[in-house]
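**Student:** This is the structure, below, for whatever I ask next.
The values are calculated or read from the model by the stated rules, or taken from the named source; none is laboratory data. Everything quoted here is computed from the prediction, not taken from an experiment. When we count neighbours, we look across all protein chains shown, and the Cβ atoms used for this are built from the backbone with ideal geometry, even at glycine. Ligands, DNA and RNA are stripped out before the accessible areas are found, and what is left, the full protein with its side chains, is counted by its heavy atoms. Shrake-Rupley method; radii C 1.70, N 1.55, O 1.52, S 1.80 Å.
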Amino acid sequence: MDFALNEEQQEFKQRARNFAREVIRPAARKHDEEESIPWDVIKEARKQGFGGLEGIQRSAGDPEGQLQVISAEEFHWGCAGIALAISGSGLAAAGIASSGTPEQIGQWGPRVLRGGWR
């Protein structure tokens, strides 16, 4: 079995590493000391396509699930707490999508996926 990353995965890994280096790491100390939720980082992650609707679509097109593993590894390298905040901020999306009424999906879906709650 070949565990080497393909070209798409390597490019994604570099994007995730850059995000961790340039956005997550510089914010980590502040949010750790203040014990605050890193909304600024979460919003920037969504803006750059990590998480939210784009992340869900990317995951759907990645049946092996490698891109989620790659981003988790890189984000945790940046800061484990912020990495969990980024991934956890959209957890309600699956429940809303699978069990919500059309009205609930319309009201809450975009807010959960785009971070519009904040």
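**Student:** Given the criterion modelled with pLDDT of 90 or more, within 10 Å of the chain's Cα centre (by Cα) and open to solvent by less than 30 Å² (accessible area, probe 1.4 Å), identify the matching residue among A45, A20.
**Tutor:** A45
**Student:** Could you tell me whether A85 is over 19 Å from F12 (Cα atoms), buried (at least 19 other Cβ atoms within 10 Å of the Cβ), modelled with pLDDT of 75 or more and not basic (K, R)?
**Tutor:** Judged against the criteria, A85 is a match.
**Student:** Same structure again: Suppose the filter is part of a helix (DSSP H, G or I), touching a helix residue (DSSP H, G or I) at 6+ places or on another chain (Cβ under 9 Å) and either at pLDDT below 95 or not charged (D, E, K, R) (or both); does E54 pass it?
**Tutor:** Here the answer is yes, as E54 does meet what is asked.
**Student:** Taking the options E64, E35, name whichever one is of a type in the set (D, E, K, R), modelled with pLDDT under 90 and either open to solvent by 60 Å² or more (accessible area, probe 1.4 Å) or touching an Asp or Glu at 6+ places or on another chain (Cβ under 6 Å) (or both).
**Tutor:** None of the others qualify; the one that does is E64.
**Student:** Taking only the range 1-35 into account, find how many residues are of a type outside the set (A, V, I, L, M, F, W, C) and in contact (Cβ under 8 Å) with a residue 24 or more places away in the chain.
**Tutor:** Selection size over the range 1-35: 8.
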